[in-house]
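The block underneath contains the structure these notes are about, expressed in structure tokens.
The values are calculated or read from the model by the stated rules, or taken from the named source; none is laboratory data. This one's a predicted model, so the numbers in the text were calculated from it and none came from an experiment. Because the Cβ atoms are built from the backbone with ideal geometry, glycine has one as well, and the counts that use them run over all protein chains shown.
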């Protein structure tokens, strides 16, 4: 009886501990908020070939989008557009960031991601000079006038990265007195994988790991690329990273990875299947075929709006319910 009683007590203790654990965050009911592109190329100038890969925030009550615009020579600039409903955007006639420095010359400024600390917005972007692509930083208080802060993770100089650096998704709050950023690097086997770095000033960054924080997985939808999306979503104890995975045929789909908020290096779980895939003609045919590439996320009442590039030519919008402590697991798009 004593042994049985002890076993029963131990079982009850384990059950109590499991019940006390916070429920995992969930992302459900992912669907397109618009069946057609919300932004398309126009004219014969700086945004004639493609408008894609957007970052979006709410500023002074309006949705503000910075998007990658490409001309027919292949040079990229960042355009600016505003909206009152998050779907219908009015763009400005001129870009807000154009290539100026040696590390941006000819190739341009690409793939913006935004995060805000206090009253300042920080923009990570790729500086590309037709030779090297490197992760760069700029800052602004109004999202229009930008001050460059330079290359923050040089190409070819990582602990495991032997190639270019891109796609800086900065965690929107300090953890353990540091800023943290998930980024894209290329390992020796040519796989594009997510790394992790930390900083005390947002300018000088140190890699946190000797290996990728979010590696590619053979045979999965992210077998060739696992690339950070927008700035992560935070819960009380989790970091939710929306990421872009590509398989061996370079079809880009959306995945979710969840890290420990107390230790951003610790990967807790990730989606086994994609939650979003390119299905519309404008997501499958463009400058690069079969691409749905999420780079923007904005919280709304009970849901999030997610913004993505379609086929490296268009901007699309999707919507999903994000529970910061639900009982279900991540579910794929149906």
Checklist outcome for this item: Note: among 261, 217, just one is touching a residue at least 24 places away in the same chain (Cβ under 8 Å) and over 20 Å from residue 57 (Cβ atoms), namely 261
Checklist entry - Where in segment 189-238 are there strands (runs of 3 or more DSSP E), lying wholly inside it, with at least 3 residues that are within 19 Å of the chain's Cα centre (by Cα)? => result 192-199, 225-228
Next on the checklist: Would you confirm, using the coordinates I've provided, whether residue 138 is outside any strand (DSSP E or B), crowded, with 17+ Cβ neighbours inside 10 Å and within 18 Å of the chain's Cα centre (by Cα)?
Outcome noted: no
Checklist entry - Which ones in segment 199-214 are under 13 Å from residue 153 (Cα atoms) and either free of Cβ contacts under 8 Å to residues at least 60 places away in the same chain or surrounded by fewer than 18 Cβ atoms within 10 Å (Cβ to Cβ) (or both)? => result 199, 203, 204, 205, 206, 207, 208
Item to check | Residue count, segment 112-133 (criterion: more than 19 Å from residue 180 (Cα to Cα) and buried (at least 23 other Cβ atoms within 10 Å of the Cβ)) | outcome: 2
Item to check | Verdict on residue 218 being out of contact with any strand residue (DSSP E or B) (no Cβ under 8 Å at 6 or more places or on another chain), within 22 Å of residue 188 (Cα to Cα) and at pLDDT 95 or above | outcome: yes
Checklist entry - Can you tell me which residues in segment 276-296 are in contact (Cβ under 8 Å) with a residue 60 or more places away in the chain and buried (at least 24 other Cβ atoms within 10 Å of the Cβ)? => result 276, 293, 294, 295, 296
Item to check | Verdict on residue 173 being modelled with pLDDT of 95 or more, closer than 25 Å to residue 322 by Cβ and outside any strand (DSSP E or B) | outcome: yes
Checklist entry - Taking segment 298-322, which residues are part of a loop (DSSP other than H, G, I, E, B), out of contact with any helix residue (DSSP H, G or I) (no Cβ under 9 Å at 6 or more places or on another chain) and either closer than 10 Å to residue 39 by Cβ or touching a residue at least 24 places away in the same chain (Cβ under 8 Å) (or both)? => result 312
